[in-house]
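Novice: Okay, here's the structure, questions in a sec.
Coordinate-derived values only; no laboratory data. These numbers were taken from a predicted model, which means no experiment stands behind them. Note that we place each Cβ from the backbone using ideal geometry, even for glycine, and neighbour counts take in every protein chain shown.
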Amino acid sequence: MSKNIKVGDIFAIKIEQSELYYFGRVVFDVQAQYDNSGQDNNYLDWYKDSVLVETYKHISDSLDTEKFETAIISQFIPKKELLKQNIKIVKNLEVDPTKVSFPETLKNHENNSLFTVGELSLKTNFSTDYAYDNIKVFPTLGKAYYLELATLDFSGRRDLIVDQNDILDNYFKFSDLRSLPEKRIEVYQSIGENPNLSYYDLALKHGFDLQRFY
């Protein structure tokens, strides 16, 4: 087991019952980088023991890496759980903060429904009941198994999934609005923001420059 993993590290994880690896990179480490200077009631405290990772559409028995197409844009996973996998650190590639994307969720707080993404927490016009009953997307701790499952699926390698019954139509429908385009547009309309803005530009618009953490 690797003892540590840091921002920019590209990792390879051995696929269950296979000699092949899938690959990913740590793009944000909440505990190591975040200093609690974001908006109140954002979700980063919930994810304080997690790292944000992206994965790639590259399945190989070789640890040689190039630049690969993204499979999972980004998901949080507890660092300890990631390091419990059969993992190897391949190399480190500097992260461009302007390209980092965070999962998008809602959070109910004191009778308000908030849109939470990265260090932002923006009030919607939804009731808390509406958020629970109709949107149903809230911060959820990631699982290494589903990180692997979704990566293999998105890479066109369902044949490597041992339990075919675990294949899902949408792996993140309860944890990330980015996987639900129609609901995402509804949420962005409720906060009066442009859904085509990158996370970096949205945060900068609200006075928070992600580059300060890198």
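Novice: Kirkwood hydrodynamic radius (Cα pairs, Å) of region 161-214? Walk me through the numbers before you get to the answer.
Specialist: Working: mean 1/r = 0.0734 Å⁻¹.
Mean inverse Cα-Cα distance, inverted, gives 13.6 Å.
Novice: In terms of the ratio Rg/(2.2 N^0.38 Å) built on C-alpha atoms, what value belongs to region 127-198? Provide the component values of the computation, followed by the final result.
Specialist: Numbers: Rg = 14.9 Å, N = 72, 2.2 N^0.38 = 11.2 Å.
For region 127-198, the normalised Cα radius of gyration is 1.33.
Novice: Let me ask another. Over the Cα atoms of region 52-98, what Rg and Dmax result, in angstrom?
Specialist: My reading of the Cα-based Rg and Dmax gives 11.7, 32 Å.
Novice: Starting from the coordinates of the alpha-carbon atoms of region 40-129, obtain the Kirkwood hydrodynamic radius over all distinct pairs and give the value in Å to one decimal. Let's see the in-between values first.
Specialist: Values: mean 1/r = 0.0642 Å⁻¹.
After inverting the pairwise mean of 1/r, the radius is 15.6 Å.
Novice: Give me the three principal axis extents of the chain from the C-alpha atoms, as integers in angstrom, largest value leading.
Specialist: 50, 39, 27
Novice: Note the angle between two axes, namely the Cα long axis of helix 181-191 and the longest principal axis of the Cα atoms of the chain, as a number of degrees from 0 to 90, rounded to the nearest 10.
Specialist: 40 degrees
Novice: Sticking to Cα atoms, compute the Rg of region 70-190 to one decimal and its Dmax as the biggest Cα-Cα distance, whole number, in Å.
Specialist: 16.3, 46
Novice: Sticking with this one: For the chain, set up a Gaussian network in which alpha carbons nearer than 10 Å are linked by springs, and say which option among Asp45, Asp133, Asp96 fluctuates the most.
Specialist: For the chain, modelled as a Gaussian network with Cα springs under 10 Å, the answer is Asp133.
Novice: Given a Förster radius of 22 Å and the C-beta distance between Asp201 and Glu94 as r, what FRET efficiency does 1/(1 + (r/R0)^6) yield to the nearest 0.05?
Specialist: On the way: r = 20 Å, r/R0 = 0.92.
After rounding, the FRET efficiency stands at 0.60.
Novice: Another question about this same structure. Would you kindly state how much longer the chain becomes between Asp163 and Lys48 on full extension, computed as 0.36 nm times their sequence separation minus their alpha carbon distance, in nm to one decimal?
Specialist: Numbers: separation 115, 0.36 × 115 = 41.40 nm, distance 3.12 nm.
Length difference between fully extended and current span is 38.3 nm.
Novice: What is the helix-to-structure angle for 144-154, meaning the angle in degrees between its Cα long axis and the longest Cα principal axis of the chain, kept from 0 to 90 and rounded to the nearest 10?
Specialist: 80 degrees
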